[in-house]
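The values are calculated or read from the model by the stated rules, or taken from the named source; none is laboratory data. Bear in mind the structure is a predicted one, so any value in this text is a computation, not a measurement. Positions of Cβ are backbone-derived with ideal geometry, glycine not excepted, and every protein chain shown enters the neighbour counts. Areas reflect the complete protein model, heavy atoms only, side chains present, ligands, DNA and RNA absent. Shrake-Rupley method; radii C 1.70, N 1.55, O 1.52, S 1.80 Å.
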Amino acid sequence: NGKMVACAGKGGLIKIFRIVDFSSKLNKTGSFSGDLPVTSDKPRELKFQRSLTAPSIEFEGKSPKSSGCLFAEDDFICLEGHTSDVIDLCWDAFSGKILSASIDSNVRLWNVSENDRIKTCIGTYKHPEPVSAVLFHPKFTQVFMSGCLDGKVRLWDSLNNRVLNFKDTKDSITAVQFSPDGRLVAVGLLQGRVIFYGEDLKL
């Protein structure tokens, strides 16, 4: 709903921050007045570090001033349960649930509806190897897709914790994506290939 943002990475901890409303600082023309949400003394350069675990980003220069942060730093929720780095997150805007994929070989399903103050893990889906990608089905929110380093892309029934269908790509999976209607699946592989599945990977 645009009011919260989730982030995760090393250590298996997922944090959900509430986005600060800056609408009160907009002038009549719609321009932003006052301090910018993110400020620093010089332009920041990003350094990406390659890692076998969770990716990390380092910022050069001064850190942004907390007083201008887009997120309420003292208003966040921690989701604990994974025992190793979290590689991917997927937030379903309709159900208010989050999927998390981890090196601990599990996908977890979290209830993070804004109306519920208690955020809980409502499902754990075990895989034989680390899970690198996860995504909700665009039409059926109880169905999700996972990509695993064992080379298999799986369609899951989250309610009954069972695999509905799968395909073996014979290579470690790094990314997955549904078409808008859910009928086509794209799978990115470690060796640089992309495989598309249609009727052979359907519900």
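For the reader, a short list of remarks on this structure follows.
- Exposure of Thr174 as accessible area (Å², to 10), given a probe of 1.4 Å and all protein chains: 70
- Solvent exposure, largest accessible area first (probe 1.4 Å, DNA, RNA and ligands not counted), of Arg108, Arg162: Arg162, Arg108
- Residue-by-residue Karplus 3J(HN,Hα) for segment 94-107, coefficients 6.51, -1.76, 1.60, Hz, glycine and proline x: 7, 8, x, 10, 10, 9, 10, 10, 9, 5, 6, 6, 10, 10
- Heavy atoms of Met4: accessible area, 1.4 Å probe, square angstrom to 10: 30
- Cα-based shape type of segment 86-177, given that a ≥ b ≥ c are square roots of the gyration tensor eigenvalues and the cut on a/c is 1.5: prolate
- Within the shell of other residues whose beta carbon sits under 15 angstrom from the beta carbon of Leu89, the net charge comes to 0, with Lys and Arg scored +1 and Asp and Glu -1.
- Those chymotrypsin sites (Phe, Trp or Tyr not before Pro) in segment 89-198 that DSSP places in a loop and that have at most 11 other beta carbons within 10 Å: Phe94
- Net charge contributed by nearby residues that have their C-beta within less than 14 Å of Asp181 (K/R +1, D/E -1): +2
- Of the whole protein surface, Lys139 contributes about 130 Å² of accessible area at a 1.4 Å probe radius.
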